[in-house]
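Presented below is the structure to which this report refers.
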Amino acid sequence: MSSAVNELWKEIEAWLEKNAPMVMEGLREGANAESILEMTSVFGSNIPQEYLDSLRRHNGEAELSDYQYLSTTSLISNASRLCERMKAGEFSEHEIFDPEAGIIENSWWSKFWVPFAKDSGANYFCIDLNPGPNGMLGQVLRHERLAGPVVTEFASFTDWLTDYRGKLLSGYYQVNEDGLIEEA
């Protein structure tokens, strides 16, 4: 397991145990080899090791903030549903923002985007497995239901997880009366 991802999860878990035990309880055990194999059969073998290591530690389904960290089963289901909508032509009239930057594929949705977190409005954080010519393999993008794909500042899943950990530790997030994490 990636030592960086492992250390990040240790710090996140410690914060959750102390401040949001209900959220900590929601973190599932790690994904098994069969789940990882199914995921790689859907998305290909170039899924970043750091993300696979994260799934091996916690296989999603936790409300980490306003986004839910998805399990392998959920992310495959969500991605498949979006791919079906794309094939049906539902996105053909949509245009992406700033396609000339070449950071992401010039498409409203791509079968090469791994949706690892989802909010209640059907917006996603995705790992990009087929970036544009000016992008980076494994970069994180947001897919907004109404705006389409949006470039983020995260070059990798580890960058995203590092940012989340930093926001927990700095007080950016708080725990509400229901025991859930939200912006302070």
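A compact table of results
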item: Gained length - residue 184 relative to residue 7, 0.36 nm times residue gap less alpha-carbon distance; result: 61.3 nm
item: Prolate/oblate/rounded call for region 119-184, Cα gyration tensor, a/c under 1.5 rounded; result: oblate
item: Two-site label geometry, residue 163 and residue 41: point separation in nm, points 7 Å out along Cα→Cβ; result: 3.3
item: Value of D in µm² per second that Stokes-Einstein yields for region 45-146, Kirkwood Rh from Cα pairs, at 20 °C (1.002 mPa s); result: 152
item: Probe 1.4 Å, accessible area per residue of the chain, Å²; result: 50
item: Selected from 60, 148, 89 as most flexible by GNM, with the chain as the system and alpha-carbon contacts under 10 Å; result: 89
item: Probe 1.4 Å - accessible area at residue 86, Å² to nearest ten; result: 70
item: Per-residue SASA entry for residue 15, accessible area with 1.4 Å probe, Å² rounded to 10; result: 40
item: Probe 1.4 Å, all protein chains present, accessible-area order of 124, 172, largest first; result: 172, 124
item: Debye intensity ratio I(q)/I(0), log10, the chain, q values 0.08, 0.16 Å⁻¹ (C-alpha model); result: -0.25, -1.00
item: Estimated [θ] at 222 nm from DSSP helical runs (n ≥ 4, -39500 (n - 2.57)) normalised by residues in the chain, nearest 500; result: -12500 deg cm²/dmol
item: For the chain, built as a Gaussian network whose Cα springs stay under 10 Å, the top-fluctuating residue of 79, 31, 101; result: 101
item: Heavy atoms of residue 43 accessible to a 1.4 Å probe, total area in Å² rounded to 10; result: 10
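The values are calculated or read from the model by the stated rules, or taken from the named source; none is laboratory data. Just so it is clear, the model here is predicted, and its values are computed rather than measured. For neighbour counting, all protein chains shown are included, and Cβ atoms are generated from backbone atoms with ideal geometry for every residue, glycine included. When the accessible area is computed, the model is the full protein with side chains, heavy atoms only, and any ligands, DNA or RNA have been set aside. Shrake-Rupley method; radii C 1.70, N 1.55, O 1.52, S 1.80 Å.
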